[in-house]
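Trainee: Pasting a structure below so you can have a look.
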Amino acid sequence: MSTTTRVWVNGDLVDPSGPAVSALDHSVTVGDGVFETAKIAAGKPFALTRHHRRLERSAAGLGLPPPDLTVIEQGVAAVLEGPVIDFGRLRYSVTGGVGPLGSDRHDADLTYIVLAAPQPLPPRSGKLTVVPWTRNERSAVVGLKTTSYAENVVALARAKEVGAVEAVFGNTRGELCECTGSNVFVVVDGVVLTPPAESGLLLGITRELTIEWGRAAGVEVREETLPLDVLQSADEVFITSSTKDVLPIHAVDDRTLPVERPVTCELQRLFRSNAERDGDP
Ligand SMILES: Cc1ncc(COP(=O)(O)O)c(C=O)c1O
């Protein structure tokens, strides 16, 4: 962890490497919590209102009480004070608090954790690898951003082993779903396609904005169920995430994609210009 990571827990800035959360916290024992990751650009978090709305949806889906957003805002202000982070990550989590050792839950005060850290800019393009594991579109926690991310840890490690920036999951029906921390788009005959929520993905904020801003500029963007092997024939492929924005894909496993990617470039340009105009769209 970077020594410049700033950590705030339940009201106080704390030593990043010191103890700050109970060993009995239900997110530590069973992953019972929700979180958000937002981009920090020039010291400011991007699209925070949309991230807050998704955090509320995730908490409701997990059966946690509604998080107190004013508490989160205090934490955000505290971790962003001090040296300006030019580019980085704001991560905030709300957990079930101190709980039993098993999966049942007692009434407990929620735990609030807010972190900010600089990070390197994303690459200009990247490779994807398709992993053999599936997203479960019928999971009890489908579409929720929970702190149970071990499947993503395993898949991203596989991606890194083969020099890929991200790992792509299909769902149990063999449809294209999403990556460990990004959504996936393809371009076929000039039309931008991305899987719908029913395919079992997390509805990314960057995905949402790419669709909105693309459509507003006249680009045809459709949410459509897609076979996983569309990645082998699509004209262009790109992924979206809070810290990657719109990231062009130059290879999917052994397939090299064309260097010309006009639609992706246009969506990248639209994303940049709209985000510069409005930091909380
Ligand atoms: C599983 C998953 N899918 C997609 C995304 C992309 O979402 P966003 O654009 O809100 O960062 C994330 C974000 O981390 C994620 O964890």
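The values are calculated or read from the model by the stated rules, or taken from the named source; none is laboratory data. What you see is a predicted model, and the numbers here were worked out from it, not measured in a lab. Counting neighbours? That spans all protein chains shown, and the Cβs are built from the backbone with ideal geometry, glycine included. Heads up: the accessible areas ignore ligands, DNA and RNA and are worked out on the full protein's heavy atoms, side chains in. Shrake-Rupley method; radii C 1.70, N 1.55, O 1.52, S 1.80 Å.
Trainee: Which percent of Cα-Cα pairs in the range 125-281 sits in each 5 Å bin, short to long?
Mentor: Reading the bins upward from 0: 2, 10, 20, 24, 22, 14, 8, 2, 0.
Trainee: Moving on. Send over a whole-number figure in Å² for the accessible area per residue of the range 1-82, probe 1.4 Å. List each step's numbers first, then the result.
Mentor: Working: 3810 Å² over 82 residues.
Here the per-residue accessible area is 46 Å².
Trainee: Using the crude model of +1 on Lys and Arg Cβ and -1 on Asp and Glu Cβ, and no other charge, please compute the dipole size for the chain relative to its Cα centre, in debye to 20. Kindly include the intermediate steps, with their values, before the conclusion.
Mentor: Details: 27 positive and 37 negative charges, 73 e Å.
It works out to roughly 360 debye.
Trainee: Could you check how much of the accessible area of the chain is carbon and sulfur, as a whole percent, using a 1.4 Å probe? Mind showing how you got there, number by number?
Mentor: Working: 7020 of 13080 Å².
On the chain, the fraction of accessible area on carbon and sulfur atoms equals 54 percent.
Trainee: Between Ala77, Ala116, Ala159, which gets the highest mean-square fluctuation from a Gaussian network model of the chain, Cα cutoff 10 Å?
Mentor: Its mean-square fluctuation being the largest, the pick is Ala77.
Trainee: Which residue, Leu110, Leu101, Leu13, tops the fluctuation ranking in a GNM of the chain built on C-alpha contacts under 10 Å?
Mentor: Sorting by GNM fluctuation, first place goes to Leu101.
Trainee: Could you check the simple spin-label distance between Cys265 and Val71, using points 7 Å along Cα→Cβ, in nm with one decimal?
Mentor: 4.9
Trainee: For Asp189 and Ala140, FRET efficiency with R0 = 30 Å and r from the beta-carbon atoms, rounded to 0.05? Don't skip to the end; give the middle numbers.
Mentor: Values: r = 38 Å, r/R0 = 1.25.
Taking R0 as 30 Å, the efficiency between Ala140 and Asp189 is 0.20.
Trainee: Skip the ligands, DNA and RNA, and give the accessible area per residue of the range 96-162 with a 1.4 Å probe, whole Å². Numbers along the way, then the final one.
Mentor: On the way: 4010 Å² over 67 residues.
On a per-residue basis, the range 96-162 sits at 60 Å².
Trainee: In this model, which of Lys44/Lys244; Lys160/Lys244; Lys44/Lys127 are farther than 18 Å apart at the alpha-carbon?
Mentor: The answer is Lys44/Lys127.
Trainee: Angle check, please: helix 205-216 long axis (alpha carbons) against the longest principal axis of the chain (alpha carbons), in degrees 0 to 90, nearest 10.
Mentor: Between helix and principal axis, roughly 40 degrees.
Trainee: Using a Förster radius of 25 Å, what is the FRET efficiency between Glu223 and Arg105 based on their Cβ-Cβ separation? Nearest 0.05, please. Mind showing how you got there, number by number?
Mentor: Details: r = 34 Å, r/R0 = 1.36.
With R0 = 25 Å, the Cβ-Cβ based efficiency is 0.15.
Trainee: Ok, one more. How many angstrom lie between the C-alpha centres of the range 39-73 and the range 148-172?
Mentor: Taking the Cα centre of each part, the range 39-73 and the range 148-172 sit 25 Å apart.
Trainee: Quote the accessible area belonging to Asp235 in square angstrom, nearest 10, computed with a 1.4 Å probe and with ligands, DNA and RNA left uncounted.
Mentor: Around 70 Å² of this residue is reachable by solvent.
Trainee: Right, here's the next one. Scattering from the C-alpha atoms of the range 150-234 alone, worked out with Debye: what is log10 I(q)/I(0) at q = 0.12, 0.13, 0.20 1/Å?
Mentor: -0.36, -0.43, -0.96
Trainee: Among Thr256, Thr146, Thr95, which one shows the highest mean-square fluctuation when the chain is modelled as a Gaussian network with alpha-carbon springs under 10 Å?
Mentor: Maximum fluctuation in the GNM of the chain, among the listed residues, is at Thr256.
Trainee: May I ask which residue of Thr172, Leu270, Val141 lies farthest towards the positive end of the charge dipole of the chain, with charges of +1 (Lys, Arg) and -1 (Asp, Glu) on Cβ and the Cα centre as origin?
Mentor: It is Leu270, whose Cα lies furthest towards the positive end.
Trainee: Give me the percent of Cα-Cα pairs in the chain that sit more than 29 Å apart, rounded to a whole number. Intermediate values should be presented prior to the final figure.
Mentor: Numbers: 13427 of 39340 pairs.
Cα-Cα pairs of the chain separated by over 29 Å account for 34 percent.
Trainee: Restrict the search to the range 15-123; then list the GluC sites (Glu not before Pro) that DSSP places in a loop and that have at most 16 other Cβ atoms within 10 Å of their Cβ. Show your work: numbers first, answer last.
Mentor: Working: sites: Glu36, Glu56, Glu73, Glu81; in loops: Glu81.
Within the range 15-123, the qualifying GluC sites (Glu not before Pro) (loop, at most 16 other Cβ atoms within 10 Å) are Glu81.
Trainee: Could you check the simple spin-label distance between Ala60 and Leu24, using points 7 Å along Cα→Cβ, in nm with one decimal?
Mentor: 3.1
Trainee: Checking the a/c ratio against 1.5 first, then a/b against b/c, what shape does the Cα gyration tensor give for the range 172-213? Numbers along the way, then the final one.
Mentor: Working: a/c = 2.01, a/b = 1.18, b/c = 1.71.
Oblate, since a/c reaches 1.5 and b/c is not below a/b.
Trainee: Using heavy-atom solvent-accessible surface (probe 1.4 Å) with all chains present, what is the largest-first order of His52, His250, His106?
Mentor: Numbers: His52 10, His250 70, His106 115 Å².
Largest accessible area first, the residues go His106, His250, His52.
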